[in-house]
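Contents: one structure, followed by commentary.
Every number in this text was worked out from the coordinates using simple rules, so none of it is lab data. Please read these numbers as outputs of a predicted model, since none were measured by experiment.
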Amino acid sequence: MVRESKVFIYLKCLPGDSEFLRGMFEKITAAYHMNKWHWISVYLNSDVPDEFIMQLVYDSYRLTEKKTVRKDIKDG
């Protein structure tokens, strides 16, 4: 997404981590129109290191991926 000519992404985080992460970096902010407790905006090409962004992306994926429920199929 683009806001004020800056590219950013929305990422999900664990409850409470959003406030901690916003305190760590200037360019991690509360996600606009999202639940501020779970979602953050991370600006790319900013004070947030690329490696850290990649870890946040991975963590966000793990939190949002579809969970599969294992169902045991019993024969006849």
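Percent of Cα-Cα pairs more than 15 Å apart in the stretch 2-64, please.
Values: 849 of 1953 pairs.
For the stretch 2-64, the fraction of Cα-Cα distances above 15 Å is 43 percent.
Rounded to the nearest whole Hz, the Karplus-based 3J(HN,Hα) values (6.51 cos²θ - 1.76 cosθ + 1.60, θ = phi - 60°) of the stretch 13-30 follow the sequence 9, 5, x, x, 5, 4, 5, 4, 5, 5, x, 6, 10, 5, 9, 10, 10, 5, with x at glycine and proline. In the chain, helices alone account for a calculated mean residue ellipticity at 222 nm of -9500 deg cm²/dmol, with every DSSP H run of four or more residues adding -39,500 (n - 2.57).
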